[in-house]
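To start, the structure itself, in structure tokens.
The values are calculated or read from the model by the stated rules, or taken from the named source; none is laboratory data. The structure presented is a predicted model; accordingly, all values stated were derived computationally and were not measured. Cβ placement follows ideal geometry from the backbone for every residue including glycine, while neighbour counts extend to all protein chains displayed.
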């Protein structure tokens with residue numbers, strides 16, 4: 001990943017009062033603005049065409065004029081698509097999946113890289129991405145607790161009014177089913193190879209991976 | 001749907017890949033995007049100023065004009081742009097709404113103009129952002145108040161079919177509606193004043209009689225004062241009973257403040273009559289007389305300012321309450337302190353804490369009578385603190401009350417000013433309106449005139465070019481005439497025929513009422529009094545003679561006149577009588593039905609060519625002939641059958 005150019009502009013607002021006043025220090029404004037790499041570089045790194053990158057950037061910059069998305073904004077935006085439930089937990093996991101260098105903000109490059117994998121990547125790459133999403137602590141294994149967290153987050157997005165009614169143990173049951181399918185050696189964790197193998201053997205999953213290919 | 005973040009939908013869909021491995025069931029098929037249109041720039045031409053934006057920007061809000069197919073109605077094929085004939089400045093904020101998802105209200109914009117723009121483009125004002133919403137709501141409320149003031153005046157109009165009771169109630173509420181009401185208003189005011197003055201004078205010492213000291217006038221001239229009091233109370237009682245009778249909702253009237261004041265004002269007298277000189281209750285009787293002073297509050301019906309004051313106090317109730325509360329707190333604190341400070345000194349007037357209340361109040365309100373003064377040093381110190389803090393505590397809520405009063409007062413002033421301006425405005429509007437109404441009559445005459453001139457072989461030189469709009473409008477009115485088989489005429493012709501039929505005792509004229517502006521009332525009421533004799537030379541000889549027309553000749557001496565030099569136009573309008581129409585008139589036997597805009601004719605008519613008719617009519621004021629009340633005081637829409 002190329003080093004990003006992060007401009008930190010800080011302006012200290014000095015009132016007529018002397019600088020010994022501690023309140024004035026709080027007014028120090030720092031704006032972080034981010035300019036993405038050039039269009040050619042992004043074109044080379046991702047599988048999007050120039051026009052697509054333009055459209056993506058326009059939408060991105062419209063929502064986030066400063067050029068970076070922080071987690072709050074991310075949660076806000078994502079929650080608007082799921083008005084009935086609470087999408088904040090899942091958005092948190094999603095944010096971590098996009099924020100590949102873990103600096104607390106998603107820049108346009110992160111955004112576009114992630115999208116490139118999801119929309120234009122091979123099935124393998126998509127599965128790897130999904131594995132990274134589920135592996136919350138990024139230790140290479142998906143444990144049952146991690147999966148439970150993810151599952152609860154997904155079910156939270158459904159909200160309360162569902163049919164049939166959501167029960168307490170539904171996420172847990174779903175995790176059991178998942179582990180039965182994925183955990184080949186029954187050691188309680190799912191490694192990446194187990195994950196990819198099991199997914200490639202499952203027809204439904206394979207088919208659904210191609211679902212969003214024509215999104216952009 | 002989150003239209004504001006529609007740009008992020010592709011991302012959300014892509015992120016859904018994260019659910020796929022977890023899902024147990026197959027996924028539904030994704031909708032195909034068949035349009036596959038590249039995002040294109042749209043040009044929006046608003047009154048010449050070109051705005052450009054992406055199509056997808058506008059598509060974000062599909063339930064507005066620009067976001068839906070409704071904008072196709074405004075598409076201009078030749079220039080390949082969407083043209084809107086609206087205000088470009090206001091359009092800026094509307095387009096920004098699409099771009100940023102937030103609607104802002106520009107402060108320099110007029111609120112109703114902005115509202116109209118929003119309605120035109122299909123945007124509901126409730127989505128105005130928080131930054132501008134308060135301002136928007138404030139301005140809207142202000143505007144609504146202004147419009148409400150305007151509407152309240154239209155309530156003053158007299159409806160034609162008001163029962164006697166309603167008329168009376170209206171007379172009570174608005175004294176300016178009729179002379180009787182005005183008389184009543186002044187009479188009651190006068191008697192209130194008399195009553196209050198007698199109450200005051202009663203207690204003045206009147207000079208001593210031969211063996212007694214100064215006694216108040218009330219005891220000296222008992223009979224006189226009793227008579228005056230009786231007269232006043234009788235007037236007040238009658239007034240109260242009349243109001244009670246006329247009130248639309250008696251229960252609500254009895255609960256209103258003014259009626260309670262009325263009752264309290266007259267009750268002591270009756271109680272005094274009932275109670276004879278009973279020793280034990282005479283003391284109570286004397287206190288009852290105090291209530292007679294409440295009669296002065298009856299003046300609030302007569303004075304707008306008093307009412308405003310009362311309304312202000314009512315609306316500032318919370319501030320007044322706060323003032324009272326804080327004052328009480330301060331009084332108690334300082335009274336206690338002063339009492340204990342002065343306890344040591346001998347012959348101190350501060351005998352108890354309640355006794356110190358008086359000192360505290362007098363000091364805090366900076367009255368300083370001096371009947372109670374602290375003598376110890378501590379007392380003096382605390383006394384000075386007390387007086388300083390008194391100024392502060394009182395000064396705090398007062399500006400709020402003042403600003404409230406000022407706002408209400410100015411609102412009232414504005415209402416009065418608008419009422420005064422309204423007359424001038426309505427007069428101007430009336431002139432403009434009647435101009436258009438008379439334009440039609442004028443064009444009719446021009447048409448007939450040109451026919452006449454053609455008959456006599458002269459050239460038509462005075463052909464005013466009429467615009468297409470006007471000619472179409474006239475054609476429309478003409479069609480209406482043909483439909484109803486009646487013709488439009490101006491006021492004078494109508495009045496003339498009206499009188500003539502009245503004299504011929506034709507029973508049928510049914511003024512149909514239609515809504516129109518009240519100035520017609522004043523116009524018609526003026527009409528009742530002025531008449532102009534018409535020298536018979538003014539009538540052109542082209543009148544075909546029939547039974548009707550001879551009566552018309554007789555009536556020529558009587559003409560109802562509306563105060564402008566339009567009399568020459570009536571001779572013109574006589575030209576309207578075509579030979580074929582007269583037969584129709586005879587058969588219809590003078591049925592005058594009322595049908596169109598009746599307005600005082602403007603001076604515009606006087607600019608017409610004068611050459612055709614006889615000498616101008618004399619204008620004088622002979623004894624009037626009263627027309628029947630149907631034309632006066634009712635807003636009528638008139639058409640006469642010629």
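Please go through (1) buried (at least 16 other Cβ atoms within 10 Å of the Cβ); (2) at pLDDT 80 or above for residue B:395 and return the number of the only condition it doesn't satisfy. If we test residue B:395 against (1) buried (at least 16 other Cβ atoms within 10 Å of the Cβ); (2) at pLDDT 80 or above, just (1) comes out false. Which residues, counting only those in the stretch B:96-110, are surrounded by fewer than 19 Cβ atoms within 10 Å (Cβ to Cβ), under 37 Å from the mean Cα position of the chain (by Cα) and either within 14 Å of chain A (Cβ to nearest Cβ) or assigned to a helix (DSSP H, G or I) (or both)? Hit for the stretch B:96-110 is B:102, nothing else. Residue check: is residue B:92 out of contact with any helix residue (DSSP H, G or I) (no Cβ under 9 Å at 6 or more places or on another chain) and closer than 30 Å to residue A:64 by Cβ? So residue B:92 passes the test. Of all positions in the stretch B:229-240, at least one carries a residue that is modelled with pLDDT of 85 or more and under 30 Å from the mean Cα position of the chain (by Cα).
Residues in the stretch A:65-88 that are within 13 Å of chain B (Cβ to nearest Cβ) and touching a helix residue (DSSP H, G or I) at 6+ places or on another chain (Cβ under 8 Å): A:69, A:73, A:74, A:75, A:77, A:78, A:79, A:80, A:81, A:82, A:84, A:87. In the set (1) more than 13 Å from every other protein chain (Cβ to nearest Cβ); (2) touching a residue at least 60 places away in the same chain (Cβ under 8 Å); (3) surrounded by fewer than 18 Cβ atoms within 10 Å (Cβ to Cβ), residue A:36 fails one condition alone, (3). One residue stands out in the stretch B:314-344 among those that are in contact (Cβ under 8 Å) with a residue 60 or more places away in the chain and in a helix (DSSP H, G or I): the one that is farthest from residue B:359 (Cα to Cα), namely B:315. Being modelled with pLDDT of 85 or more, at the interface with chain B (Cβ under 10 Å from one of its Cβ atoms) and outside any loop (DSSP other than H, G, I, E, B) narrows it down to one residue among A:94, A:53; which is it? Only one candidate qualifies: A:94.
Residue B:406 falls short on exactly one of the conditions (1) part of a helix (DSSP H, G or I); (2) surrounded by 15 or more Cβ atoms within 10 Å (Cβ to Cβ), and that condition is (2). How many residues are in a helix (DSSP H, G or I) and in contact with a helix residue (DSSP H, G or I) (Cβ under 8 Å, 6 or more places away or on another chain) when one looks only at the stretch B:246-256? Number of matching residues: 4. In the condition set (1) without any contact (Cβ under 8 Å) to a residue 24 or more places away in the chain; (2) facing chain B (nearest Cβ under 10 Å), residue A:103 is compliant with all but (2). Using the structure shown, decide if residue B:372 is at pLDDT below 90, over 39 Å from the mean Cα position of the chain (by Cα) and over 24 Å from residue B:396 (Cα atoms). No; evaluated as a whole, the condition is false for this residue. Are any of the residues in the stretch A:165-175 touching a residue at least 40 places away in the same chain (Cβ under 8 Å) and surrounded by 12 or more Cβ atoms within 10 Å (Cβ to Cβ)? No.
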